[in-house]
Amino acid sequence: MYQLSEVLNLIFDSIGLLILIRLFWLGLIPNYKFLLLGFLCIWFSNIFTVVEGYCFPDLFNLLEHSFYFFSSVFFLISVKKEILVSAH
């Protein structure tokens, strides 16, 4: 069974992701693709958290934690690229 906090977290993350995508699309913030991929991975992990309450809990739990790992990798790549760009 899902928890209300998980559903609310998914709703708030969806709103934040839509705002972030809109800001990227309007060009108001730099186009950091790996940063956006990191946020997308967190959003997918929140989806998997809610879905695991309904069916295949082991599979979706594995997907949830895998996507958290992928998001940290994408955030690390984004920070590394920013450090390399600012050093020149």
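Tabulated values for the structure
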{"item": "Selected residue [over 21 Å from Met1 (Cβ atoms) and within 11 Å of the chain's Cα centre (by Cα)] from Ser66, Ser86, Ser72", "result": "Ser72"}
{"item": "Residue that is surrounded by the most Cβ atoms within 10 Å (Cβ to Cβ) [pool: residues in region 40-58 that are among the aromatic types (Phe, Trp, Tyr) and more than 21 Å from Ile15 (Cα to Cα)]", "result": "Phe56"}
{"item": "Pairs where the first residue, in region 12-28, is touching a residue at least 24 places away in the same chain (Cβ under 8 Å) and the second is open to solvent by 60 Å² or more (accessible area, probe 1.4 Å), C-beta under 9 Å, 6+ apart", "result": "Asp13/Phe39; Asp13/Trp43; Ser14/Trp43; Leu17/Phe39; Leu17/Trp43"}
{"item": "Among (1) of a type outside the set (S, T, N, Q); (2) modelled with pLDDT of 95 or more; (3) within 19 Å of Val73 (Cα to Cα), the one test that Phe12 misses", "result": "(3)"}
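Yes/no per residue for (1) over 30 Å from Val85 (Cβ atoms); (2) touching a helix residue (DSSP H, G or I) at 6+ places or on another chain (Cβ under 8 Å):
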residue: Leu28; (1), (2): no, no
residue: Asn31; (1), (2): no, yes
residue: Phe34; (1), (2): no, yes
residue: Phe39; (1), (2): no, yes
residue: Ile42; (1), (2): no, yes
residue: Phe48; (1), (2): yes, yes
residue: Leu63; (1), (2): yes, yes
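Yes/no per residue for (1) in a helix (DSSP H, G or I); (2) charged (D, E, K, R); (3) open to solvent by 60 Å² or more (accessible area, probe 1.4 Å):
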position	(1), (2), (3)
Ser5	yes, no, yes
Asn9	yes, no, yes
Phe24	yes, no, no
Asn31	no, no, yes
Gly38	yes, no, no
Phe60	yes, no, no
Phe69	yes, no, yes
Phe75	yes, no, no
Val79	yes, no, yes
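The values are calculated or read from the model by the stated rules, or taken from the named source; none is laboratory data. Worth saying up front: this structure is predicted, and the values here are computed from it rather than measured. Positions of Cβ are generated from backbone atoms using ideal geometry, with glycine treated the same way; all protein chains shown enter the neighbour counts. To get the accessible areas, we keep the full protein, side chains included, count just its heavy atoms, and leave off ligands, DNA and RNA. Shrake-Rupley method; radii C 1.70, N 1.55, O 1.52, S 1.80 Å.
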